[in-house]
Amino acid sequence: MPLHRDAILLTPGPLTTSLRTKLAMLRDWGSWDSDFVAVTASVRKSLLEIVHGQESHVVVPLQGSGTFSVEAAVASVVPRDGHVLVLDNGAYCKRAANLSTLMGRRTTVIAFDDASPISVTALQTALQEDSSISHVVLIHCETGAGVLNPLQEVADICAQQGKGLIVDAMSSLGALPIDARSIRFDALIAASGKCLEGVPGMGFVYLRKEILASCRGNSQSLAMDLYDQYTYMEKTGQWRFTPPTHVVVALHEALTQFAQEGGQSARLLRYQTNFQTLVRGMAALGFQPFLPEAFQAPIIVTFHAPADPAYTFKKFYDAAKRHGFILYPGKLTQVETFRVGCIGAIGPVEMEQAVHAVALAMQDLGIVSGAPALD
Ligand SMILES: *Cc1c(COP(=O)(O)O)cnc(C)c1O
């Protein structure tokens, strides 16, 4: 273990953050104080600008991890007698379906293969066959396998059919383009500790202004009520309950760096370079990505586990950690895999080093090749 340096996180959050972002957390802030109120207002303004939603949307921050905000969005946006359709091609889709059911909303799931994007034809058929469906839930980048789903097409269909759309853009916002002027959604959710490169601890939900009034009274939870959180914040500038102050100031600092880097397009370019550096380097060691490149978002890569009998994820993980890099377990049930994130305050230099750490981990364990079993 290096004593003076943290391992680099190749995970989909928490991520490796910049020194500036970490340093922003060294102060204490009063939650009611005007200085902190100004930070919250600035964060909200910057977040709205990222999706060009100043005219059409508001943004409501919420304490907790990203899932808290997904749950809050469903509970606040979908009326209690609403009917949610979840397009499921992975673990985060299943989580969304689960929380929607637990919130007492009638929930229908269409299951798709987790190695490809969801099908818009199947969505169209489902909406035609069941007119009681009021809302569609889509995961933009399914972090489970790393698949990119067709957000624009799904949004267009929902707009044509007059259905509400709730988008979990947790692992894509800030990196992939999302423009609220051309993509119609009722709610879109992301969090501090993903592609904006803040630390974990708060989520935020963009809500379309036109549906705001209809959110009132939908939530059966006090703490997760985005309508209440919104109206309180508009009135006072403050968070309704104790805010994660250090997380908010860290996100504020991370957003400044986001703008300085050149915004979403620059971030995407860096992640794409990370992705290419990783996949090329891993291929030289024999490793194969699980997804065809056409379906793959440059956020997180699922690799097949090597067929070599010396491989177990646990041993491989421990060895990579000794060489300074934290890998991520796979989330697929059918195939043995592991995942490597391309996001965070890291660039191609760190990705080269990550590949080198994997090579050293293989040597340590006596793994000759990263090649998977032939099927
Ligand atoms: C990270 C993530 C979430 C939120 O997970 P938490 O563990 O609650 O932070 C939700 N959806 C997707 C697609 C994610 O990548």
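Read the figures in this text as sums done on the coordinates, not as results from a lab. Keep in mind the model is a prediction, meaning the values are calculated, not measured. Positions of Cβ are backbone-derived with ideal geometry, glycine not excepted, and every protein chain shown enters the neighbour counts.
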* Ranked packing of 261-270, 142-151, most packed first, by mean Cβ within 10 Å -> 142-151, 261-270
* To do: Would you pull out the residues with amide H under 5 Å of G286's amide H, same chain only if 5 or more places away, H placed 1.01 Å from N?
  => G370
* To do: In whole Hz, with x marking every Gly and Pro, tabulate ³J(HN,Hα) for segment 300-313 from phi via Karplus 6.51 cos²θ - 1.76 cosθ + 1.60, θ = phi - 60°.
  => 8, 10, 8, 10, 5, 5, x, 6, 3, x, 6, 7, 10, 4
* For T108, which sequence-distant residues (separation of 5 or more, or a different chain) have an amide H within less than 5 Å of its own amide H, given hydrogens modelled in the peptide plane? -> V84, L85, V86
* Asked: With each label point set 7 Å from Cα along the Cα-Cβ vector, what nm distance links Q353 and D33?
  -> 3.5 nm
* Structure fact -> The ratio Rg/Rh over the Cα atoms of segment 297-375, Rh being the Kirkwood inverse mean 1/r radius, stands at 0.95
* To do: Mind ranking 69-79, 157-167 by how tightly packed they are, going by the mean number of other C-beta atoms within 10 angstrom, highest first?
  => 69-79, 157-167
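Would you mind telling me the antiparallel percentage of the DSSP bridges in the chain, rounded to 5?
55 percent
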* Is the shape of segment 175-273 best called rounded, prolate or oblate, per the rule: a/c under 1.5 gives rounded, else a/b larger than b/c gives prolate, else oblate, with a ≥ b ≥ c the square roots of the Cα gyration tensor eigenvalues? -> oblate
* **Per-residue HN-Hα couplings for segment 347-360 [Karplus 6.51, -1.76, 1.60; θ = phi - 60°; Hz; x = Gly/Pro]** => x, x, 4, 5, 5, 4, 5, 5, 4, 4, 4, 5, 4, 5
* Structure fact -> Dividing the mean separation of Cα pairs under 8 Å (6+ apart) by the residue count of segment 75-138 yields a relative contact order in percent of 47 percent
* Asked: Considering the chain as a Gaussian network with a 10 Å cut-off on Cα pairs, which listed residue, F325, F258, F241, attains the greatest mean-square fluctuation?
  -> F241
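Count charges around A223 for me, please; just the other residues with Cβ under 14 Å from its Cβ, Lys/Arg as +1, Asp/Glu as -1.
-2
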* Structure fact -> Relative to the chain, whose Cα atoms define the longest principal axis, helix 226-236 and its Cα axis are tilted in degrees, nearest 10, by 70 degrees
* Asked: For Q161 and M25 in the same chain, what is the full-extension length gain: residue separation times 0.36 nm, less their Cα-Cα distance, in nm?
  -> 44.4 nm
* Charge dipole of segment 114-252 about the Cα centre (unit charges at C-beta), most positive-ward option of S134, A187, S116 -> A187
* Asked: Computed on alpha carbon atoms, what radius of gyration and Dmax characterise segment 149-194, expressed in Å?
  -> 10.6, 34
* To do: Compute the Cα gyration tensor for segment 4-43, then decide on rounded, prolate or oblate, letting a ≥ b ≥ c be the square roots of its eigenvalues: rounded whenever a/c is under 1.5, prolate when a/b is larger than b/c in the other cases, and oblate in all that remain.
  => prolate
* List the lysines whose Cα lies under 19 Å from the Cα of K194, skipping any in the same chain that are fewer than 8 positions away. => K22, K45, K331
* Evaluate the chain: find the radius of gyration of its Cα atoms, find its Kirkwood radius, and give the ratio Rg to Rh. => 0.98
* To do: Would you kindly derive the ³J(HN,Hα) couplings of segment 324-330 from the backbone phi angles with the Karplus curve 6.51 cos²θ - 1.76 cosθ + 1.60 (θ = phi - 60°), listing them in order in whole Hz, with x for Gly and Pro?
  => x, 10, 9, 8, 10, x, x
* Residue exposure sequence - I110, I8 - by fewest surrounding Cβ within 10 Å -> I110, I8
* Asked: Given charges of +1 on the Cβ of Lys and Arg and -1 on the Cβ of Asp and Glu, with all other atoms neutral, how large is the dipole of the chain about its Cα centre, in debye to the nearest 20?
  -> 560 debye
* **FRET efficiency for D318 and Q276, using Cβ-Cβ distance with R0 set to 30 Å, rounded to 0.05** => 0.65
* To do: Could you pull out every residue, at least 5 positions away or on a different chain, whose amide H is within less than 5 Å of the one on I300? Hs are placed 1.01 Å off N in the peptide plane, and Pro or chain starts have none.
  => C342
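Lys and Arg at +1, Asp and Glu at -1: add these up for the other residues within a Cβ distance under 15 Å of W29 and post the number.
Residues close to W29 contribute a combined charge of -3.
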* To do: Can you grab the distance from the C-alpha centre of segment 212-260 to the C-alpha centre of segment 59-106, Å, no decimals?
  => 17 Å
